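Beneath this line is the structure, given in structure tokens, with notes to follow.
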Amino acid sequence: MALSLAAVVGIFLLAYLLGSIPPGYLAGRWLKGIDIREEGSGSTGATNVLRTVGKGPALVVFLLDILKGTGAVMLGAYLYDQLATPLPPLDAPWVGCISGVIALLGHSKPVWLSFRGGKSVATALGVVFGMNWLVALGTFGIFGITLALFRIVSLGSLAGAIGVNALMWATGQPLAYKFFALMSALSIFWRHQANIQRLVAGTEPKIGQPIPQKAEVS
């Protein structure tokens, strides 16, 4: 039992370290010699990379942030399945879910960057991919359609946060996955409070427009 508990703790630590890998920060350092946290919105997310480094690096960062979330879920569930003595009431979906949540924490509070990261939207999408790829594609579709219509990344992120919850229930996913969808939506809305205020005021920047002070939208 003690060995199994230590293994589960190790799984969660691995999920945090995976989530805390900062591709956005590295893109700024390697390609432009800048600390991206001191540029644009101050975030390490793909949107700030787009504005401060360029389209190509932003796409790579976006995909890597997704992979972090997917990897945390799939690796966590797989490693838990290999335990000789599971720990009830935990099962693989719950361990995968918790690993995903911890990966989001790692992305937003990376130990390597003094706990200053991004808003975890892309990584959250990756977690959903690790849970159910159809739900993830639907969520990404909601984000993409909203972005195409309004050209506001934060609005697309908020729409996706709502959409993933509806899709989790509509497709009958495990309770653990529904719990993750709810918690991630609450987190995204919380971390986008300033964006929401600007959306209500009509001052949230669209793609290509200048950024208000510390206006992070990804």
Of all residues in the range 2-27, which are open to solvent by 30 Å² or more (accessible area, probe 1.4 Å) and part of a loop (DSSP other than H, G, I, E, B)?
21
Among the residues of the range 55-102, the number that are free of Cβ contacts under 8 Å to residues at least 24 places away in the same chain, under 30 Å from residue 27 (Cβ atoms) and charged (D, E, K, R) is 1
So which of 182, 149, 125 is crowded, with 18+ Cβ neighbours inside 10 Å and of a type in the set (A, V, I, L, M)?
125
Out of the range 96-130, which residues are in contact with a Pro (Cβ under 8 Å, 6 or more places away or on another chain) and not in a helix (DSSP H, G or I)?
110, 116, 117
For residue 157, indicate whether it is at pLDDT below 95, open to solvent by 50 Å² or more (accessible area, probe 1.4 Å) and either at positive phi or under 17 Å from the mean Cα position of the chain (by Cα) (or both).
no
Scan of the range 64-95 for residues that are part of a loop (DSSP other than H, G, I, E, B) and open to solvent by 60 Å² or more (accessible area, probe 1.4 Å), ordered by number:
82, 84, 85, 86, 88, 89, 91
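Out of all the residues in the range 28-49, which are part of a helix (DSSP H, G or I), open to solvent by less than 70 Å² (accessible area, probe 1.4 Å) and free of Cβ contacts under 8 Å to residues at least 24 places away in the same chain? Let's see the steps before the verdict.
Our first condition is that a residue be part of a helix (DSSP H, G or I); within the range 28-49, this holds for 28-32, 36-38, 46-49.
The next check asks that each one be open to solvent by less than 70 Å² (accessible area, probe 1.4 Å); those that pass are 28, 36-37, 46-49.
Within the range 28-49, just 36 meets the criteria.
The values are calculated or read from the model by the stated rules, or taken from the named source; none is laboratory data. Note that the structure is predicted; figures quoted are calculated from it, not measured. No Cβ is skipped: glycine too gets one built from the backbone with ideal geometry, and neighbour counts run over all protein chains shown. The accessibility values were calculated without ligands, DNA or RNA, using every heavy atom of the protein model including side chains. Shrake-Rupley method; radii C 1.70, N 1.55, O 1.52, S 1.80 Å.
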